[in-house]
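Quick notes on the structure that follows.
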Amino acid sequence: MGGQREVVFAGFGGQGVMTAGQLLAYTAMEEGKQVCWIPSYGPEMRGGTANCTVVISDERIGSPIINMPLAACVFNRPSLDKFGAMIRKDGLLLINSSLIDIKSERSDITEFLVPANDIARECGSPKAANMVMLAAYVAATGIVSFETLGIMLKEKMGKKKEFLDINFRAFEEGRKLIEKVSA
């Protein structure tokens, strides 16, 4: 991978942004990388704004505070408004196009429109939108392997088989979406 990479997952409380960030952090740790996961909650948990920053590096992380992340996965319009402008030049922005009907208007970053809620609903549960976005991010960056990510998903979220199956389907659809648009 080389160097340090940062990603912000941001949306309303209850959209699973913290879970997506944690799962990425656990996966990177499992692969022997240095990791920092920082949650940030708005005034209310469910329905308020929530975001987390995940910093992943091959070397020791000097500071977990990131003002201009390399990437962001935004789940709602307020998150796009806040984090879309913060991404570094040549960075990556994934937009949940199920809930956000605009682009960032930036020409200096790579942008993917991911209809995460729609895909999750087709997979069996709208709650799996976070897994669609996480898989899309991993497919776009290669930051961790899908094999390790699948192992960690099963380990951390495998208590209810029907939800695990839905999450795996959501993963696969998020991955396929990025592979298709990147081809």
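The values are calculated or read from the model by the stated rules, or taken from the named source; none is laboratory data. Just so we're clear, the structure is a prediction, and the values are computed from it rather than from any experiment. With ideal geometry, Cβ positions are generated from the backbone for all residues, glycine too; neighbour counts draw on all protein chains shown.
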Against the conditions (1) crowded, with 16+ Cβ neighbours inside 10 Å; (2) part of a loop (DSSP other than H, G, I, E, B); (3) not aliphatic (A, V, I, L, M), where does residue 107 fall short? Just the number, please.
(1)
Please work out which residue is surrounded by the most Cβ atoms within 10 Å (Cβ to Cβ), limiting yourself to the stretch 158-183 and to residues that are farther than 13 Å from residue 114 by Cα and not charged (D, E, K, R).
167
Boolean, residue 143 is closer than 18 Å to residue 26 by Cα, in a loop (DSSP other than H, G, I, E, B), touching a strand residue (DSSP E or B) at 6+ places or on another chain (Cβ under 8 Å) and touching a residue at least 60 places away in the same chain (Cβ under 8 Å)
yes
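Quick one: which of 129, 183 is within 28 Å of residue 33 (Cα to Cα), out of contact with any Ser or Thr (no Cβ under 6 Å at 6 or more places or on another chain) and of a type in the set (A, V, I, L, M)?
None of the other options fit; the residue is 129.
Looking at residue 19, is it hydroxyl-bearing (Ser, Thr, Tyr) and either closer than 15 Å to residue 135 by Cα or at pLDDT 95 or above (or both)?
yes
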